[in-house]
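Q: Here's a structure for you.
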Amino acid sequence: MKLRSILRILSLLAFLSAGVAGYLYYSLLKDYAFQEAERSALNRLQATKKNLSAFFSENTKPVRVMAGMTPLVDALVHMDPQTLNAANALLDLFKKTLDVEVCYLMDIRGNTIASSNRNDADSFVGMNFSFRPYFQDAMQGLPGTYLALGTTSRKRGAYYSYPVYRESADTPIGIAVIKASIFFVEKELTPEETSIQLVVDPLGVIFISSRPEWLYQLLWQLNPKDIRELRRSRQFGNGPWHWTGLRQKGEKLVVDPSGKSYLFHQVDIDKYPGWRIVHLYDIEAASKLVSEPLSSIIRPVIIILCTLLGASIFFLYRRASMEITRRRTVERALRKSEERYRSLYHQTPAMLHSIDETGNLVSVSNYWSEALGYTREEVIGRKLTDFLSPVSRKYAEEKIIPTFFKEGFIKDVPYQFIKKNGAVIEVLLSAITDHDEQRRTIRSLAVSIDVTERNIAERALKEAKEALSSYSKDLESQVRKRTREISGILQYTPAVIYIKDADGKYAMVNSRFEQLFGVQSPDVRGKTDQAFLAPDIAEQFFKNDERVLREKQSLQVEESIVIDDAVHTYLSTKFPLYDGKGKVTGVCGIATDITVLKKAQEQLRRLSASIMTGQEKERAYLARELHDELGQVLTALRMEAVWIRNRVNQSDPTASARALTMCELIDKTIEEVRGLAIRLRPGVLDHLGLVEAVEWYTADFEKRYDITCIFEHDDGPEIRGNLATAAYRITQEALTNVARHASATRTKVTMSFGDGNLKITIRDNGKGFEIESLGEAEGLGMANMRERASLVGGVFDVQSRPRGGTRIRFTVPLTKS
């Protein structure tokens, strides 16, 4: 009867468990089906978005490259058959390479002048697409992207446009366009039984659809105003655009005209504002995921339930025999545990021992006997204290052992054991007492840890700490000494020194700063420049310090400060301060008064200018003398030689030949005198200006030195006077250095005008040099060119490296002329 009741209870529990489990399983399966449907929709949306974004952006860079190609620029500039043929060939190449539908070129009025489909029935050539937004964006200098139905080809596509510029111009002269087919996009939206995927524009027009009959229909119903705007844009043809009949019920649910419900999800398409990818999932399909698996699950559940009932009954009959088996297993485990304990006791790498209540050893581990050098028979029965040093023995007998048997344990007691060979080892001993059933002490269980090496290390560490303490004191003394030295420098240096934090507030100023601005360090600490300095000085300091903090680089700059109604110039060196983590925490400034030096430099500059002006005058004078005086004398001499030649031509042929030789020599001398006069002061520089003078000199340089010399220049204002002289002499000196030192075969002189500046660049392909290694004689020419540039307010720059040629650049504002 008892067994029958147990079985009934088990059967009832099994039935209830199966029913509850089935209900819970159905609920969970239903929730899971909807969650899985939603997750699948979101994953598919994200995958489609990623693929669409990659497709819509893949031709952005190619159209930009295509717009910069020379054949397209030439076609827009000249529009002759030759340039148009070249442009068409380039468009064909891009179409074939990119595998797109068509590439074409439009002028500034929106007319298509060249196209890769020029030979097709739906050719774009001659068509005007100025109404398209991609044309309007490109003519504003912006790259354009656009999704639309072609007005000519009646094919959907993605349009990419980019402005075409003439060289060095800022206004587009036309645009280049790539139209890519959306065939590959439609392949991503393969139709499925359970879902629909759409790509819609901001007004809801379905542009791409996995359900073809919905193409060009409206996702939502539009008002008449939006319909008119849609028809005006011609983006999707001329209509009509029928409504799909979808209505939204809640955030994630829509219903079609037949009453079928769909889960609704949508994501925006990157870089196409308002365009969305829409995913509709059939809810009925999700319900089938619940009902169909359920029927296949009920059958195994019943089988499992019956199996559990049989197993439960079998368990009851087997329980008794299992209990007996368990007890036998416990006994065997107890014996193994004892054997394991004995093995651990003797094999563990620690000194283990036991003593009885009289202090005699009753057992020791193998490691204990090996550590002290005894056999087990030599130590069993002897007192533990027999193996301790005299000091440890006294300590153990008088204090530790009595305390141990009273309290029942000891921990980390320091002892010294004497080994059989007389060596001493230091240990920390911990022990507990073992009791019988009457709580009487039977023996101890003790473990000793050899700490000899550790104690040696601790003593060494202590000595090291003492040495470190001594070193620290010495270091502190040195720091105090260095602090006094730095304080003395800050107090007595004639330089102005200050430190600011990252917010521009003063943290420290030296005594010279206090004297200069009439302040005290405590008064300015925590203040900004504007709080106590004159506005112009504060603005200088703040601007330069803020630049150092922003760029995280040192800066050397000249700053002007008014002292006693006189302007003093300071050379300021400013640099950022960092903390231990490399973060900028402030800025330090060191300023030195260079007013006297600047005045001396200005006097030197004026003297140099005067000397160079005198040189130019002397050269002009010598050139005139050579040309006018010596040239006239040589011309007269040649006329006399010609007269003599004609006079003796018949009577003395030898004298006539000598006279002819004299004429040729005089002609060569006249030519050399003329060249020397021109090189001293070319008349073309005074009469025609800088460009013609440099052009003449480069041609003369190429002829004299047999070095290819190319001169290129922009159209610009006429340059005369001191600026023309300085630019000409710098060019002349640079080319002379090329001929003398560069071993070059080619040099190029470029003169350009831009941003209000004149820029002259001289490059050669010679052997180059290390700028820092120039000798005094070799660097004299460089110094002369740099000085001429400085005198006219320009900048002179040299770049060179061994076997890498040399580049010299002279830049000067035209307003300085």
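The values are calculated or read from the model by the stated rules, or taken from the named source; none is laboratory data. None of these values were measured; they are calculated from a predicted model. No Cβ is skipped: glycine too gets one built from the backbone with ideal geometry, and neighbour counts run over all protein chains shown. Just the protein is used for accessible areas: all its heavy atoms, side chains included, with ligands, DNA and RNA removed. Shrake-Rupley method; radii C 1.70, N 1.55, O 1.52, S 1.80 Å.
Results for (1) in contact with a Leu (Cβ under 6 Å, 6 or more places away or on another chain); (2) at pLDDT 90 or above; (3) among the hydroxyl-bearing types (Ser, Thr, Tyr); (4) open to solvent by 80 Å² or more (accessible area, probe 1.4 Å), shown as yes or no for each residue.
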position	(1), (2), (3), (4)
Ala67	no, no, no, no
Met79	no, no, no, yes
Leu84	no, yes, no, no
Asp92	no, yes, no, no
Leu98	no, no, no, no
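Q: Out of all the residues in the range 266-286, is one or more closer than 22 Å to Phe56 by Cα, modelled with pLDDT under 80 and of a type in the set (S, T, N, Q)?
A: no
Q: Determine whether Arg109 is modelled with pLDDT of 90 or more, over 26 Å from Ser53 (Cβ atoms) and either within 41 Å of the chain's Cα centre (by Cα) or outside any strand (DSSP E or B) (or both).
A: Numbers: modelled with pLDDT of 90 or more: yes; over 26 Å from Ser53 (Cβ atoms): yes; either within 41 Å of the chain's Cα centre (by Cα) or outside any strand (DSSP E or B) (or both): yes.
Answer is yes for this residue.
Q: With (1) assigned to a loop (DSSP other than H, G, I, E, B); (2) without any contact (Cβ under 8 Å) to a residue 40 or more places away in the chain; (3) open to solvent by less than 60 Å² (accessible area, probe 1.4 Å) as the list, and Leu142 as the residue in question, which single condition is left unmet?
A: (3)
Q: Let me ask you something else. I need the full set of residues from the range 525-535 which are modelled with pLDDT of 85 or more and closer than 20 Å to His568 by Cβ, in order please.
A: Asp529, Pro535
Q: Taking Asp434, is it at pLDDT 80 or above and surrounded by 10 or more Cβ atoms within 10 Å (Cβ to Cβ)?
A: On the way: at pLDDT 80 or above: no; surrounded by 10 or more Cβ atoms within 10 Å (Cβ to Cβ): yes.
No; evaluated as a whole, the condition is false for this residue.
Q: If you take the residues of the range 217-254 that are at pLDDT 80 or above, farther than 20 Å from Leu198 by Cα and among the polar types (S, T, N, Q), which of them is least open to solvent (accessible area, probe 1.4 Å)?
A: The extreme case among them is Ser233.
Q: Which residue out of Ala180, Ala169 is aliphatic (A, V, I, L, M) and out of contact with any strand residue (DSSP E or B) (no Cβ under 8 Å at 6 or more places or on another chain)?
A: Numbers: Ala180 fails: out of contact with any strand residue (DSSP E or B) (no Cβ under 8 Å at 6 or more places or on another chain).
Going through Ala180, Ala169 in turn, the sole match is Ala169.
Q: Okay, next question. Determine whether Asn117 is surrounded by fewer than 16 Cβ atoms within 10 Å (Cβ to Cβ) and not aliphatic (A, V, I, L, M). I'd like the intermediate steps shown before the answer.
A: Numbers: surrounded by fewer than 16 Cβ atoms within 10 Å (Cβ to Cβ): no; not aliphatic (A, V, I, L, M): yes.
No; evaluated as a whole, the condition is false for this residue.
Q: Between residues in the range 700-714 that are without any contact (Cβ under 8 Å) to a residue 24 or more places away in the chain and residues that are among the polar types (S, T, N, Q), which pairs lie under 8 Å by C-beta distance while being six or more apart or on different chains?
A: Every condition considered, the pairs that remain are Glu702/Thr708.
Q: Looking at Lys420, Lys399, Lys394, which one is closer than 30 Å to Glu458 by Cα and in a loop (DSSP other than H, G, I, E, B)?
A: Details: Lys399 fails: in a loop (DSSP other than H, G, I, E, B); Lys394 fails: in a loop (DSSP other than H, G, I, E, B).
Just a single option satisfies the conditions, and that option is Lys420.
Q: Under 17 Å from Thr385 (Cα atoms) and either surrounded by 17 or more Cβ atoms within 10 Å (Cβ to Cβ) or among the hydrophobic types (A, V, I, L, M, F, W, C) (or both): does that describe Val424?
A: Details: under 17 Å from Thr385 (Cα atoms): yes; either surrounded by 17 or more Cβ atoms within 10 Å (Cβ to Cβ) or among the hydrophobic types (A, V, I, L, M, F, W, C) (or both): yes.
Against the criterion (under 17 Å from Thr385 (Cα atoms) and either surrounded by 17 or more Cβ atoms within 10 Å (Cβ to Cβ) or among the hydrophobic types (A, V, I, L, M, F, W, C) (or both)), Val424 qualifies.
Q: If you take the residues of the range 337-373 that are modelled with pLDDT of 75 or more, of a type outside the set (S, T, N, Q) and part of a helix (DSSP H, G or I), which of them is surrounded by the most Cβ atoms within 10 Å (Cβ to Cβ)?
A: Trp368
Q: Restricted to the range 122-145, and to residues that are within 10 Å of Ile175 (Cα to Cα) and among the hydrophobic types (A, V, I, L, M, F, W, C), which residue is nearest to the chain's Cα centre (by Cα)?
A: Result: Ala138.
Q: Now, a different point. Just give me the residues in the range 733-757 being in contact (Cβ under 8 Å) with a residue 24 or more places away in the chain and over 44 Å from the mean Cα position of the chain (by Cα), in sequence order. Talk me through it step by step, then tell me what you get.
A: Applying the first criterion (in contact (Cβ under 8 Å) with a residue 24 or more places away in the chain) to the range 733-757 yields 733-739, 741-754, 756-757.
Selection gives Thr736, Ala739.
Q: Report, by residue number, each residue of the range 397-413 that is closer than 17 Å to Leu352 by Cα and surrounded by fewer than 11 Cβ atoms within 10 Å (Cβ to Cβ).
A: The answer is Lys411, Asp412.
Q: When you go through Leu84, Leu147, Leu90 one by one, which is the residue that is of a type in the set (A, V, I, L, M, F, W, C) and out of contact with any strand residue (DSSP E or B) (no Cβ under 6 Å at 6 or more places or on another chain)? Show your work before the answer.
A: Working: Leu84 fails: out of contact with any strand residue (DSSP E or B) (no Cβ under 6 Å at 6 or more places or on another chain); Leu147 fails: out of contact with any strand residue (DSSP E or B) (no Cβ under 6 Å at 6 or more places or on another chain).
One residue alone meets the criteria, Leu90.
Q: Are any of the residues in the range 747-755 out of contact with any helix residue (DSSP H, G or I) (no Cβ under 7 Å at 6 or more places or on another chain), of a type in the set (Gly, Ala, Ser) and either closer than 15 Å to Thr708 by Cα or modelled with pLDDT of 80 or more (or both)? Step through it out loud before you land on a result.
A: We begin by selecting, within the range 747-755, every residue out of contact with any helix residue (DSSP H, G or I) (no Cβ under 7 Å at 6 or more places or on another chain); these are 748, 750, 752-755.
Narrowing further to those that are of a type in the set (Gly, Ala, Ser): 752, 754.
Filter once more, keeping what is either closer than 15 Å to Thr708 by Cα or modelled with pLDDT of 80 or more (or both): 752, 754.
Yes, the conditions are met somewhere in the range 747-755.
Q: Here's something else I'd like to know. Would you mind telling me which numbered condition in (1) touching a residue at least 12 places away in the same chain (Cβ under 8 Å); (2) basic (Lys, Arg); (3) surrounded by fewer than 11 Cβ atoms within 10 Å (Cβ to Cβ) Arg376 fails?
A: (3)
Q: Does Leu294 satisfy being surrounded by 15 or more Cβ atoms within 10 Å (Cβ to Cβ), modelled with pLDDT under 75 and in a helix (DSSP H, G or I)? Give the derivation first.
A: On the way: surrounded by 15 or more Cβ atoms within 10 Å (Cβ to Cβ): no; modelled with pLDDT under 75: yes; in a helix (DSSP H, G or I): yes.
The answer is no for Leu294.
Q: For the range 638-687, which positions are part of a loop (DSSP other than H, G, I, E, B) and modelled with pLDDT of 70 or more?
A: Val648, Asn649, Gln650, Ser651, Asp652
Q: Which one of Arg459, Arg440, Arg393 is among the basic types (Lys, Arg), exposed (fewer than 11 other Cβ atoms within 10 Å of the Cβ) and assigned by TED's automatic domain parsing to the domain that holds Val364?
A: Unique residue meeting the criteria: Arg440.
Q: Determine the pairs where a residue that is of a type in the set (Phe, Trp, Tyr), located within the range 528-540, has a partner that is assigned to a helix (DSSP H, G or I) and surrounded by 16 or more Cβ atoms within 10 Å (Cβ to Cβ) with Cβ atoms under 9 Å apart, the partner being 6 or more residues away or on another chain.
A: Correct list of pairs: Phe532/Phe517; Phe532/Val524.
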